[in-house]
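The block underneath contains the structure these notes are about, expressed in structure tokens.
The values are calculated or read from the model by the stated rules, or taken from the named source; none is laboratory data. All figures in this text were calculated on a predicted structure; none of them were measured in a lab. Backbone-built Cβ (ideal geometry, glycine too); neighbour counts: all protein chains shown. To get the accessible areas, we keep the full protein, side chains included, count just its heavy atoms, and leave off ligands, DNA and RNA. Shrake-Rupley method; radii C 1.70, N 1.55, O 1.52, S 1.80 Å.
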Amino acid sequence: MRLEPRLETPWVLWLAAPAASIAASLVVAALLVLWSGADPFGVFGLVIKGALGSQFAIFETLTRATPLIFTSLAAAVAFRARLWNIGGEAQFYGGAIMAALLGTGLLPLPSPILIPVLLIAGALAGAVLLLGPTLMKTRFGVDEVVTTLLINFIILLFVSFLLEGPLKDPMGMGWPQSRKVIEAAQLPKIIAGKRLHLGFALALAMAALVWFINTRTIHGYEMRAVGFNPRAARFAGMKVDLVMVKVALLSGGLAAMAGVSEVIGLKGNLTLDLSPGFGYAGIVVAMLAMLHPLGVVAAAIFVAAMFVGADAMSRQAGVPSYIAQVMVATALLTMVVGMLFTRFRLRWK
């Protein structure tokens, strides 16, 4: 038995891979639900109802999907160029730190100017956080998986230091949190009275922009060429190291915008638990979408619906909500296997 590279991948296989991964995750979840003594169909019905069964549930799902779209776009951009950015969590907090630092009154600007300034400043912070590991990779061959992963822990410690020191809210009753951002720095709500904010529309715009860059620009062509075969790209005259730097700036900036939007659109301040792991979940979403920028939107909403629906299901049926996490993890594993068979076919000798 051996794996043979495919010259062309049938479009049916591109569609079958994500469908099969979702189906497999549902089967595994059904077995877990049965094991817990509940009815799988009833539980799945509660998950769907909890995620999509009301206007409130739909808005909560889209709110939860907003940071996932940003972080998964960041992973998709980097992974397509074979830059293994595992530091989405650090870049997320990099953007959140800038939002908390500049959005709490340091810049007394009107809202139409202040909000773009916060987004740009946050994106720059995230870009810088990924630029260092990328330069170490291109100059010295340092594995970026290790460096970006370690930066995640360093940034969390740095956030803890800031919240206990320079950025600590004096009115926070001792809680480790920053002061609230001023009203001019807050993203408007899409619908009054709901938590869904303009960050969701911005995330959709970023997905369309990344798709345009990937498919309609020379830079997108170079990113795909470098990701497919860096040696061939270098032989064709492309400046591979420069392409990697551009990818790092775009990827880090996108992940950081997730942190900015969470601070100025939803939470209002910086806390140590601002992210429940959006940087890592973004990798899962990107893989489910097969690194397609527009597919990322659908995959992020699917994953967000799983988590929101699982929370509601857990409250009503008494089934542990970690089943949603198992479903997402199973979907990732099966998707990785599916992607393997989109590039290779199995041959029996």
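Which whole-number value in Å² is the accessible area per residue of the range 167-310, probe 1.4 Å? Don't jump to the answer; show the numbers that get you there.
Values: 6500 Å² over 144 residues.
Roughly 45 Å² per residue, with all protein chains present.
Charges only on Cβ, +1 for Lys and Arg, -1 for Asp and Glu: so what's the dipole of the chain about the Cα centre, in debye to the nearest 20?
Numbers: 26 positive and 15 negative charges, 194 e Å.
The dipole of the chain has a size of about 940 debye.
Between the DSSP loop rule and a limit of at most 16 other Cβ atoms within 10 Å, which trypsin sites (Lys or Arg not before Pro) in the range 170-216 are left? Don't jump to the answer; show the numbers that get you there.
Details: sites: 179, 180, 189, 194, 195, 216; in loops: 179, 180, 194, 195.
In loop regions of the range 170-216 (DSSP not H, G, I, E or B), the sparsely surrounded trypsin sites (Lys or Arg not before Pro) are 194, 195.
Once phi is turned into ³J(HN,Hα) by the Karplus curve 6.51 cos²θ - 1.76 cosθ + 1.60 with θ = phi - 60°, what whole-Hz value does each residue of the range 290-301 show in order, with x for glycine and proline?
6, 6, 8, x, 7, x, 4, 4, 5, 5, 5, 5
What list of whole percents do you get for P(r) of the range 145-245, with Cα-Cα distances grouped in 5 Å bins up to the one holding the largest distance?
That works out to 2, 10, 10, 9, 11, 15, 14, 10, 9, 6, 3, 1, 0, in percent per bin.
For the chain, what is the per residue volume of the convex hull drawn over the alpha-carbon atoms, in cubic angstrom? Mind showing how you got there, number by number?
Details: hull volume 57.8 nm³, N = 349.
Dividing the Cα hull volume of the chain by its residue count gives 166 Å³.
Given the whole protein assembly as supplied and a 1.4 Å probe, what does the accessible area of residue 60 come to in Å², nearest 10?
The accessible area of residue 60 comes to roughly 30 Å².
Apply the Karplus parameterisation 6.51 cos²θ - 1.76 cosθ + 1.60, with θ equal to phi minus 60°, to every residue of the range 131-140 and state each ³J(HN,Hα) to the nearest whole Hz, in sequence, with x for glycine and proline.
With coefficients 6.51, -1.76 and 1.60, one gets 5, x, x, 5, 5, 5, 6, 6, 8, 10 Hz.
To make sure I understand the rule: partners must be lysines, Cα under 27 Å from the Cα of residue 180, and not fewer than 8 residues away in the same chain. Which ones qualify?
Within the straight-line cut-off, residue 180 pairs with 168, 189, 194, 267.
Equivalent-ellipsoid semi-axes (√(5λ), Cα gyration tensor) for the range 199-298, whole Å, largest first? Could you put the intermediate results ahead of the total?
Working: eigenvalues 171, 40, 32 Å².
The three semi-axes for the range 199-298 are 29, 14, 13 Å.
With a 1.4 Å probe and every protein chain kept in, tell me what percent of the accessible surface of the chain is carbon plus sulfur.
Working: 11960 of 16990 Å².
Roughly 70 percent of what the probe reaches on the chain is carbon or sulfur.
With no solvent and one point per C-alpha, what does the Debye sum give as log10 I(q)/I(0) for the range 1-137 at q = 0.18 Å⁻¹?
Computed log10 I(q)/I(0) values: -1.12.
Looking at the range 1-73 from every direction and averaging, what is the projected area of its Cα convex hull in nm²? Mind showing how you got there, number by number?
Details: hull surface 34.2 nm².
Mean projected area for the range 1-73: 8.6 nm², to one decimal.
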